[in-house]
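Have a look at the structure below before the remarks.
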Amino acid sequence: MSDPKTKDITVFVSRFDTCRDENTLPVLKEYTVSVHEGARVLDVLIAIRDTIDSTLSFRYCCGAGQCGSCAVRVNGEPKLACMTEAKDKMKIEPLDLPVVKDLVVDMPAFLNEMPGLVPSKTKTLPSKEDIDKIKPIRDCIECLCCVSVCPAMDVTEFEGPAFMRQEMRLALDPRDERNRIKLCVEEEGLFTCTSCQACWKVCPKDIEIPGKAIEKLRELANREGLTLPRHQEVAKLVEDTGRSVEKIKPSFFEQVPKVIEPYGDVKAEIGFFVGCMYNLRLPDTALDAIEVLRRNGIRVIVPKEQVCCGSPLIRTGQTSYVSELKRKNIECFEKRGIKTVLTMCAGCGSTLKNDYETPYRVIDINELLTEYEIEKPEKLDIKVTYHDPCHLMRGQGITKEPRKVLKMAVKEFIEMPSKCCGSGGGVKSGIPEEAKALGDERSDEIDKTGCDVVITSCPFCEFHIQSCTDKPVKNITTLLLEGYKKKDELKKAKNKNNN
């Protein structure tokens, strides 16, 4: 009779030995072992090695989440094996880095290049202010989870998020004699980061590398006059016009009144933060969203003195004018007594939620559409896939809501892997060849789905992906509106036949 405190668990482990044959592909091998309740992934690997296959290779040391050596992918997500609970049927693979054998990746190739402190001749110690700035980024255990998910490192010369975190850590320490900012810009790829936040979200120590390290290094670069020329042009445009892009057609503001009433009873009232792209580059998409809101009883207030949220400046380290943008944007909604501000731009929404302190609630349009009992559209007979905008998925934690709307609106929805398209972090404007390379990767994934249409919920993603694929790219509200129009046409045809 088996011990009631143990259980059998079946897992699939990647086996791959480059020393034997570099041309072979990894193979998932099935193992069933007996482990205690609450066992971690590391416990399962040790049980496999000790009782079934002594040739299985993996790293571990402390077993307490402090050394970082046991990092692996569990069901596709980077995790510490010693801290992750084992689940039946889980898939265990190495990090997405060069593999030495089985679950062992070539960590020294990255860690040996990590910059270290070069003692200065002065004996200045860190002040309390220095220490407070260092604290949020000092706990790195060099597990390389962040490196394994960085999209920029796949397509361009970038030392990576772990490297940038260390550079910022040293830049804040007065005991280090170097000024490494110029090297960060010219040789280490500081401006190649897309601000996708993938590194932060997989970090077992929750280190906010984009915001607390990379964007801060970019601020230091800005003070030294090393901001990329195209980024400087965007900053000047924001200061001169209040907008980060130039007008190419009649703006959204020019086509709508300040208050837009719904078609029926008022169920809710929101202030609409439109964003630069939807106001000046993709106003038709914003107009589609307005139609969807009107149809569902939402009164929309549009303060036309609102300006750029400041995200393009924050992401590129040009922060001197951001406080003025924040003041204008907060005041224009607050003075109207607006309690809920709606965004449909992922970047704007993430910025208002995470970089502002607003006296009102900020809500993404996908949240609104799923919180309210919206009218169901007629399902469109098309196959669609969905691109998760980084600033929606990671910046706001919104993934289920758009999928719920999509499944309501189309007959066939096909998932594809979530990855940055390359349009964020100032990369599309500053390093367009990198943005194109990441966009081409998205195009390849889109083609694999066999979809008819690509849906997203971010104007930057929509604009950029459309330049990289021959598939139509649409906003989720445009799709919903098409479903409503089809519903109206069917109803009209039915009434005509009945008459």
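Only a single criterion out of (1) in contact (Cβ under 8 Å) with a residue 60 or more places away in the chain; (2) open to solvent by 10 Å² or more (accessible area, probe 1.4 Å) is not satisfied by Phe191, namely (2). List pairs: first in segment 475-489 and among the acidic types (Asp, Glu), second surrounded by fewer than 21 Cβ atoms within 10 Å (Cβ to Cβ) and modelled with pLDDT of 95 or more, Cβ under 8 Å, 6+ apart or cross-chain? Close Cβ pairs satisfying both conditions: Glu482/Leu380. Only strands (runs of 3 or more DSSP E) whose full extent lies in segment 326-425 are considered here, and the ones with at least 3 residues that are open to solvent by 20 Å² or more (accessible area, probe 1.4 Å) are 380-386, 410-414.
Among the residues of segment 275-296, those that are of a type in the set (Val, Ile, Thr) and touching a residue at least 60 places away in the same chain (Cβ under 8 Å) comprise Thr285, Val292. In the set (1) part of a helix (DSSP H, G or I); (2) open to solvent by less than 60 Å² (accessible area, probe 1.4 Å); (3) touching a Gly at 6+ places or on another chain (Cβ under 6 Å), Phe253 fails one condition alone, (3). Only residues that are open to solvent by less than 10 Å² (accessible area, probe 1.4 Å) and part of a loop (DSSP other than H, G, I, E, B) were counted across segment 197-226, and they come to 1. Quick one: Cys193 ticks every box in (1) more than 28 Å from Cys348 (Cβ to Cβ); (2) at pLDDT 95 or above bar one, so which box is it? Every condition holds for Cys193 apart from (1).
Contact map, segment 455-472: residues that are over 22 Å from Met408 (Cβ atoms) paired with residues that are aliphatic (A, V, I, L, M) and part of a helix (DSSP H, G or I), Cβ distance under 8 Å, separation 6+ or inter-chain. Pairs shown: Pro459/Met277; Phe460/Met277; Phe460/Ala346; Phe463/Met277; His464/Ala435; Ile465/Ile446; Thr469/Ile446. Within segment 28-49, not a single residue is under 26 Å from the mean Cα position of the chain (by Cα), of a type in the set (Val, Ile, Thr), under 20 Å from Cys203 (Cβ atoms) and surrounded by 13 or more Cβ atoms within 10 Å (Cβ to Cβ).
Within segment 231-248, is there a residue that is outside any helix (DSSP H, G or I), more than 16 Å from Gln318 (Cβ to Cβ), open to solvent by 20 Å² or more (accessible area, probe 1.4 Å) and of a type in the set (A, V, I, L, M, F, W, C)?
yes
Which of the residues that make up segment 149-171 are open to solvent by 30 Å² or more (accessible area, probe 1.4 Å) and of a type in the set (A, V, I, L, M)? Val149, Met153, Val155, Ala171, listed by residue number. Residues in segment 60-96 that are assigned to a loop (DSSP other than H, G, I, E, B) and surrounded by 20 or more Cβ atoms within 10 Å (Cβ to Cβ): Gly68, Ser69, Cys70, Ala81, Cys82, Thr84, Ala86, Pro94, Leu95. Does segment 330-341 include one or more residues that are at positive phi and either in contact with a strand residue (DSSP E or B) (Cβ under 9 Å, 6 or more places away or on another chain) or free of Cβ contacts under 8 Å to residues at least 40 places away in the same chain (or both)? Scanning segment 330-341, I find at least one residue that is at positive phi and either in contact with a strand residue (DSSP E or B) (Cβ under 9 Å, 6 or more places away or on another chain) or free of Cβ contacts under 8 Å to residues at least 40 places away in the same chain (or both), so the answer is yes.
The values are calculated or read from the model by the stated rules, or taken from the named source; none is laboratory data. All values derive from a computational prediction rather than experimental measurement. Methodologically, a virtual Cβ is constructed for each residue, glycine included, from the backbone with ideal geometry; neighbour enumeration extends over all protein chains shown. These area figures cover heavy atoms from the full protein model, side chains too; ligands, DNA and RNA do not enter into them. Shrake-Rupley method; radii C 1.70, N 1.55, O 1.52, S 1.80 Å.
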